[in-house]
Structure formats: C-alpha cells, structure tokens
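> Supplied in structure tokens, the structure appears directly below.
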Amino acid sequence: MRDPALETPDAGAVQIVRNVEDLRARLAAWRLGGARIALVPTMGALHAGHMSLVTAARENADKIVMSIFVNPTQFAPTEDFAAYPRSLEADAEKFASAGGDLVFAPATETMYPEGFATMLAPGGPAEAGLEDKFRPTHFAGVATIVAKLLVQCRPDAAVFGEKDYQQLMVVERLVRDLDFETRIVAAPIVREPDGLALSSRNVYLSADERARAPRLHAALARCAEEIRKGRAVVAALKSAKAFVGTAGFVTDYLEARHAETLAAIDSAADGPMRLLVAARLGRTRLIDNLPV
Ligand code: AMP
C-alpha cells in the first residue's frame, strides 16, 4: 500500500513530502537505485531564477529535490516573514513542469520542534560587513537551516544562486568547515530584460518603483565598466551611489569586494572583484551584485 503522506493530490507529477522520515525514505530508495541527488533550497514563490537552479541541478544529478521553506530564523522581527509570498501548490506545479522530482515542504515545527536550541554561528564571509551589518542574525539562520537540509537530504550537489552572493560564500565556507560531502553548485543571476534581478520580493514594488528598480543593476554595470576602464574604485562607487540615490533608493551598502573572500579591496588588480549592493525602494529591500 502506498503511504498517503507521499501523495500529492493536486500538484501534477511532483510529490510533496512534509516530514524528514518520508523525505529520507524516498531518497534512500533513489540512492539504492544508483541515482545522484541534487537539492535546490528555496523559500518558494518561484520565478525563473529558481527555475534556472533546477536546470543547473539537472546537469549535476538524476533526481532533483526542491525544499520550500520560509525559514523564520533568517528573518529579524522587523522583517517580512509574515508577509513573505507563499504559493506552495503553484510552486510544486512549476517545479514539476521543469522536471523536478520531489518537493520537501516541512512545517515550521518540523524544522524547529519544541525545545530547539542549537544555532550555528558562521564567521568569515558571514561577518564581511555587508548583509550581516544590516541583518545581524540573518546568516546564523541561513547556516543553520542549510546545515539541517544538507543533513536531512545528504544530496550529492546543492544549487545556490549568485543572486544572494554573500549567502553563497557563507554556504561554501560552511560546507568546507563542517566537512559536508555535498558539492555546492553556483548558478548565475537571472534578470528581467531591463536588468532587474528576479526576486520573490519584486512583487512588493509599486508600478512606479518597478519602473525605477532596474537602475540598481544599471548603476552596478556602469560602475564595473568604469573600473575596468581604469577609473578609481572609490570614485566609481561614489558615482554609482549617487545614481542609485537619484532613482529614489536608500542605499544600505554599495561596495567592491574580493569575489572569493569578500574582503574589502580598492583596486581591480587585487581582485577578482565583485560589486555588491543592497538598497531600499519604498518598503522593498533589493540586493544585487556583479563581477568586475
Ligand atoms: P530564495 O527563495 O529567495 O531563498 O532563493 C532560493 C535560491 O534561489 C537562492 O539560492 C537564491 O540565490 C536563488 N535565486 C533567487 N533569485 C535568483 C535569481 N534572480 N537568479 C538566480 N538565482 C536566484
């Protein structure tokens, strides 16, 4: 008899599992059959950026698991945890049509049961003075949930987007430091035709804000171009901040960092260099980044 917990009545071909036991049972069967497994961790509200991670996963594995979990511990009390868009059924359908195999959508109590008391304390890239400066508890939440997902799924590969560049560096460090066997695969940023990086939070933008939002990417692109042409990094960053400001953004940070260590660098010769920005447009906080 089939376990009803493994069935999904309304999500096309893909199944949704809700607890770790069912997840492990499915994955164990795949592994016995010799399948390589890739995990794509998400918070749902899927868009083409997430779908590109599924494509990258397909290149690295035979079976693809997507976790969909809006992780409370990576949100500060003042942030948008309650308002974050949730659309599990539609997400599962999109994932199925992209060739995904299994959705893991645990309840909050499954990931953080009564009495949960262990959080990771990531250092290095998690203390680079970028996102962490404005979201001081964020990466402890990210590292903890990613570690849990990797232990629960034991995937051969896990795919993360460069959209959250500091997060990607934190995850790579985590996997090295704690000896996870999973290979971390990085996927490039997917953008709208006007340059705006796809994000689940773009739905918060008003029509007017949406029209101005691409200036964030435009500022980075121009800044990178100027630095490549030899303009002083400090001057190029100053112009970029001014440009972002004229579009109505309030900038949290706009910085040039070493692409691998996230250490501050002020010359492309000390690179590889990456530009990283976080800025608020009305009530929406957008992040973006670009290689120089
Ligand atoms: P999220 O659901 O926002 O937590 O994102 C889940 C994964 O999708 C993360 O690894 C993100 O970096 C990645 N991602 C989000 N937006 C994009 C995008 N526009 N392009 C590429 N990857 C993305």
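The values are calculated or read from the model by the stated rules, or taken from the named source; none is laboratory data. What you are looking at is a predicted structure, and each value in this text was computed from that prediction instead of being measured. When we count neighbours, we look across all protein chains shown, and the Cβ atoms used for this are built from the backbone with ideal geometry, even at glycine. Heads up: the accessible areas ignore ligands, DNA and RNA and are worked out on the full protein's heavy atoms, side chains in. Shrake-Rupley method; radii C 1.70, N 1.55, O 1.52, S 1.80 Å.
> More than 12 Å from the ligand (Cβ to nearest atom), at pLDDT 95 or above and closer than 18 Å to Ser200 by Cβ: which single residue out of Val70, Val103 fits that description? Walk me through how you get there before you give the answer.
On the way: Val70 fails: more than 12 Å from the ligand (Cβ to nearest atom).
Within the list Val70, Val103, the selection yields Val103.
> Still on this structure, I have one more. For Val185, only one of the following conditions fails: (1) within 16 Å of the ligand (Cβ to nearest atom); (2) open to solvent by 70 Å² or more (accessible area, probe 1.4 Å); (3) not aromatic (Phe, Trp, Tyr). What is its number?
If we test Val185 against (1) within 16 Å of the ligand (Cβ to nearest atom); (2) open to solvent by 70 Å² or more (accessible area, probe 1.4 Å); (3) not aromatic (Phe, Trp, Tyr), just (2) comes out false.
> Kindly evaluate Asp179 against the criterion of being buried (at least 22 other Cβ atoms within 10 Å of the Cβ) and either within 18 Å of the chain's Cα centre (by Cα) or not aliphatic (A, V, I, L, M) (or both).
On the way: buried (at least 22 other Cβ atoms within 10 Å of the Cβ): no; either within 18 Å of the chain's Cα centre (by Cα) or not aliphatic (A, V, I, L, M) (or both): yes.
Taking the combined requirement at face value, the residue does not satisfy it.
> OK, next. So, of the residues in region 110-142 that are in contact with a Lys or Arg (Cβ under 9 Å, 6 or more places away or on another chain) and among the hydrophobic types (A, V, I, L, M, F, W, C), which turns out to be most open to solvent (accessible area, probe 1.4 Å)?
Phe134
Every residue, every condition in (1) among the polar types (S, T, N, Q); (2) under 20 Å from Ala128 (Cα atoms); (3) in contact with a strand residue (DSSP E or B) (Cβ under 7 Å, 6 or more places away or on another chain), yes or no:
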position: Ala242; (1), (2), (3): no, no, no
position: Phe249; (1), (2), (3): no, no, yes
position: Ala264; (1), (2), (3): no, yes, yes
position: Gly271; (1), (2), (3): no, yes, yes
position: Thr284; (1), (2), (3): yes, no, no
position: Ile287; (1), (2), (3): no, yes, yes
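> For residues that are β-branched (Val, Ile, Thr) and crowded, with 18+ Cβ neighbours inside 10 Å, scanning just region 13-53, find the one that is modelled with the lowest pLDDT.
Pass one, region 13-53, residues β-branched (Val, Ile, Thr): 14, 16-17, 20, 37, 40, 42.
From what is left, the residues that are crowded, with 18+ Cβ neighbours inside 10 Å are 14, 16-17, 37, 40, 42.
Values: Val14: 90, Ile16: 97, Val17: 98, Ile37: 98, Val40: 98, Thr42: 98.
Filtering region 13-53 for residues that are β-branched (Val, Ile, Thr) and crowded, with 18+ Cβ neighbours inside 10 Å, the one modelled with the lowest pLDDT comes out as Val14.
> Looking at (1) surrounded by fewer than 18 Cβ atoms within 10 Å (Cβ to Cβ); (2) modelled with pLDDT of 95 or more; (3) assigned to a helix (DSSP H, G or I); (4) in contact with a strand residue (DSSP E or B) (Cβ under 7 Å, 6 or more places away or on another chain), can you tell me which one Glu209 breaks?
Condition not satisfied by Glu209: (1).
Yes/no matrix, rows are residues, columns are (1) within 15 Å of the ligand (Cβ to nearest atom); (2) in the same structural domain as Ala48 (by TED's automatic domain parsing); (3) more than 15 Å from Ala76 (Cβ to Cβ):
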{"position": "Glu131", "(1), (2), (3)": "yes, yes, no"}
{"position": "His138", "(1), (2), (3)": "yes, yes, no"}
{"position": "Val146", "(1), (2), (3)": "yes, yes, yes"}
{"position": "Leu149", "(1), (2), (3)": "yes, yes, yes"}
{"position": "Arg154", "(1), (2), (3)": "no, yes, yes"}
{"position": "Val159", "(1), (2), (3)": "yes, yes, yes"}
{"position": "Tyr165", "(1), (2), (3)": "yes, yes, yes"}
{"position": "Leu168", "(1), (2), (3)": "yes, yes, yes"}
{"position": "Glu172", "(1), (2), (3)": "yes, yes, yes"}
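> Next question. Inside region 89-186, counting only helices (runs of 4 or more DSSP H) that do not spill past its ends, which hold 2 or more residues that are without any contact (Cβ under 8 Å) to a residue 40 or more places away in the chain? If you could, list the steps in order and put the result at the bottom.
Working: elements: 108-111, 131-134, 138-153, 165-177.
Per the criteria, 108-111, 138-153, 165-177.
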